[in-house]
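Chemist: Please find one structure pasted underneath; my questions will follow.
Just so it is clear, none of the values below were taken in a lab; they were calculated from the coordinates. Just so you know, these numbers come straight off a predicted model, no measurement behind them.
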Amino acid sequence: MAVDTDTNKRAHTDGVVKKRKPLRPSTSRADIYVTRDHRKFNSYMRRARKLLVERNYPSVTIHGLGAAIQTAIKLAAAVKASLGDQVIMDTNTHTVTLYDDVVPQDELADITTQTRQNSAIQIKMSLPSVVRSQIFAKTPR
């Protein structure tokens, strides 16, 4: 019995593939979308800590797509460690459909659209109410 290994590969296209930006649901200030750029890691860290501790947000959600999943997990672990491992984390993984435009080399042909699947992660982080009350009892108003 022969196994066809080409079924999971994308079809060959004659043209240039232009990747569209992924569609995002409506966001709030408590959503942090990370990229795989490690230079932004400290700013992501400061933002997550600021939202949880200084701004008293009930939760912060870290989003990572594709290659940024590893950065999202590292960020969640770093935030948890920096707050004394007292952060409650709820992790959700899913698959996102992404759309690409294929611009043909032949100028008379129409632009076509192709789809592909990519993994994504959402990490919802929150402080327990006991910890939040202790932090805000110490904070001068």
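Chemist: Where a Cα-Cα gap under 19 Å defines reach, which aspartates and glutamates qualify for Lys80, not counting those fewer than 8 residues away within the same chain?
Modeler: Those aspartates and glutamates meeting the cut-off are Asp31, Glu54, Asp90.
Chemist: Amide H of Asp31 versus every other amide H placed in the peptide plane: which residues, excluding those fewer than 5 positions away on the same chain, fall under 5 Å?
Modeler: Amide H neighbours of Asp31, under 5 Å, 5+ apart: Thr61.
Chemist: Stokes-Einstein D for region 20-141 at 4 °C, 1.567 mPa s, Kirkwood Rh over Cα pairs, in µm²/s?
Modeler: Answer, rounded: 79 µm²/s.
Chemist: A follow-up question, please. Would you mind checking Lys18/Lys74; Lys40/Lys124; Lys21/Lys74; Lys18/Lys50 for any pair whose Cα atoms are more than 26 angstrom apart?
Modeler: Lys18/Lys74; Lys18/Lys50
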